[in-house]
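Notes for the one structure printed next.
The values are calculated or read from the model by the stated rules, or taken from the named source; none is laboratory data. Not measured: the values here are computed from a predicted model. Positions of Cβ are generated from backbone atoms using ideal geometry, with glycine treated the same way; all protein chains shown enter the neighbour counts.
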């Protein structure tokens, strides 16, 4: 039994994914050993549930997804080198990201496959999911109508569909193909609760105002030229007393990241400046770092915010 298998004893889905990664990419072993070094990590139960869902989505193509994950990691290393040299993200506009990433279907598909595995294998991502489940979903008012902006793979909607306090689920995205991916995911993993998916640009005023008790915006704002416009839309869409969940990576160069925050405090200040009241905040550092060292070294930290509309 390998060190990582020992660390993941009792977590079969995580152990299966980790073993497959090591078989295809043995050089990733030190990273995974750091990632799963603490068996008491409070994010592990949620990560195990996520891993089981991801295995259902992947089916028989786990090696293919691992190859995509490795290419994604290599692309992130290249972006990080540019960030270290210049102090800036390589791209600065949505037009840049569209040209290099979103308009290339094969690249985009491969990139999304890699991101799916990172949700489990990266400590900051798993902690973000734990915070979302325990600090946001579990504390919503009963009967909440929930909106997610940019639902992507659909994993956050999966957890919302299990939440007793959520009465209805809506997803907005600017891309029909992205909504189709979300729909396929939810069908594959067996989400039976009714949900509605609709085309909507978060940078435009909402077609309905004060319509939701909960809004989820996870890893969306960093892709936008004008995140304050998106925050204004979220604020308008919330009913008074409603809550929003924001997950925003800072110091996080990536092939399609545009807006650069330097600390969680900067994100919190921007959210508060749009009229939100901060209810709960946390920060999740990337694998192998505590928060203080991550901020000092300018490596990825996810700013996690629950904010309310007064």
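Things to note:
- All of 91, 14 fail the test of being surrounded by 19 or more Cβ atoms within 10 Å (Cβ to Cβ) and either outside any helix (DSSP H, G or I) or out of contact with any helix residue (DSSP H, G or I) (no Cβ under 9 Å at 6 or more places or on another chain) (or both), apart from 91.
- So residue 143, is it at pLDDT 95 or above and assigned by TED's automatic domain parsing to the domain that holds residue 231: yes
- Odd one out for residue 113 among (1) assigned to a helix (DSSP H, G or I); (2) surrounded by fewer than 17 Cβ atoms within 10 Å (Cβ to Cβ): (2)
- Criterion applied to 271, 248 was being outside the structural domain of residue 102 (by TED's automatic domain parsing), touching a helix residue (DSSP H, G or I) at 6+ places or on another chain (Cβ under 8 Å) and in a strand (DSSP E or B), and the one residue passing it is 248.
- Residues of the stretch 251-258 include none that is modelled with pLDDT under 90 and either buried (at least 17 other Cβ atoms within 10 Å of the Cβ) or in a loop (DSSP other than H, G, I, E, B) (or both).
- Pick from the stretch 204-224, criterion in contact with a helix residue (DSSP H, G or I) (Cβ under 8 Å, 6 or more places away or on another chain) and exposed (fewer than 15 other Cβ atoms within 10 Å of the Cβ), ranking: nearest to residue 255 (Cα to Cα): 204
- Meets criteria (closer than 30 Å to residue 184 by Cβ and modelled with pLDDT under 95) for residue 97: yes
- Here the condition is being in the same structural domain as residue 213 (by TED's automatic domain parsing), out of contact with any strand residue (DSSP E or B) (no Cβ under 8 Å at 6 or more places or on another chain) and free of Cβ contacts under 8 Å to residues at least 40 places away in the same chain; of 138, 78, it holds for 138 alone.
- Residue tally, condition touching a helix residue (DSSP H, G or I) at 6+ places or on another chain (Cβ under 8 Å) and not in a helix (DSSP H, G or I), over the stretch 134-162: 9
- Residues satisfying the stated conditions in the stretch 274-298, i.e. more than 18 Å from the chain's Cα centre (by Cα) and part of a loop (DSSP other than H, G, I, E, B): 274, 275, 276, 288, 289, 290, 298
- Boolean, residue 231 is in a helix (DSSP H, G or I) and either outside the structural domain of residue 32 (by TED's automatic domain parsing) or under 17 Å from residue 147 (Cα atoms) (or both): yes
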